[in-house]
Amino acid sequence: MKVEIRELPSRKAVCMAHKGPYFRIGETFRKLRNWRAENGIDAGMDIGLYYDDPSATPPDELRSDAGAIVADDFAIQDPRVHIVDVVGGAHAVYAHVGPYDGISNSWMEMYSKWLPASGYTFGDGVCFEMYVDDCDKVPQDDLRTDLCLPVKRSTG
């Protein structure tokens, strides 16, 4: 597994909350895209933010956000969405290539194999996925998704 440590910038995302199994977040992304189209919201890359450990949280209670990167001065008053300040800093980044249904295996490998042997521990912030390619335009086998894990150097 080729993981890079990168200093990622802080950024802002407009998001819709998703509760339930992470693999069903695509439904919430579709709602967000429709909302953006209806409101003429110009945004950058899609981002998925994941707040709970799926090995410790029941699937129906998992919390995540389907989002899109927006300008730092973006503001909106709409109860269907909220703004998230995505914390920057040191992140372990793995470039997953392929269908979205393989992403959970890549996360599991990062957590169970790469992280314990890396000299890093989990850092401040949340795990997130940056969807580099548009799934409506790129074949599933070629989709690129950056898996971003906040890290800090181990002290022991």
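The values are calculated or read from the model by the stated rules, or taken from the named source; none is laboratory data. Being a predicted model, the structure only gives us computed values, none of them experimental. Cβ: placed from backbone, ideal geometry, glycine included. Neighbour counts: every protein chain shown. What goes into the accessible areas is simple: the full protein's heavy atoms, side chains included, and nothing from ligands, DNA or RNA. Shrake-Rupley method; radii C 1.70, N 1.55, O 1.52, S 1.80 Å.
How would the stretch 101-148 be classified by its alpha-carbon gyration tensor: rounded, prolate or oblate, with rounded meaning a/c under 1.5 and the a/b versus b/c comparison settling the rest? Cα axes put the stretch 101-148 in the prolate bin. Charges were assigned to the Cβ only: +1 to each Lys and Arg, -1 to each Asp and Glu. The resulting dipole of the stretch 1-117 about its Cα centre is roughly 180 debye. The residues of the chain expose on average 57 square angstrom of accessible surface per residue, using a 1.4 Å probe on protein heavy atoms.
Here the extension length gained between F122 and N39 equals 26.2 nm, from 0.36 nm per residue of separation less the Cα-Cα distance.
Computed in the context of the full set of protein chains, the accessible area of the stretch 26-77 at 1.4 Å probe radius has 46% of its extent on carbon or sulfur. Shown is the FRET efficiency for H82 and D142, computed with R0 = 30 Å from the Cβ-Cβ distance and rounded to the nearest 0.05: 0.40. So how tilted is helix 25-39 from the main axis of the chain? Cα-based, degrees 0 to 90, rounded to 10. Rounded to the nearest ten degrees, it is 40.
Quarter the surface of the alpha carbon convex hull of the stretch 1-55 and you get the mean projected area, 5.6 square nanometres.
Per residue, the chain reaches -4500 deg cm²/dmol at 222 nm when only DSSP H runs of four or more residues are counted, each adding -39500 (n - 2.57). Counting only protein heavy atoms and a probe of 1.4 Å, the accessible surface of the stretch 108-152 is 51% carbon and sulfur.
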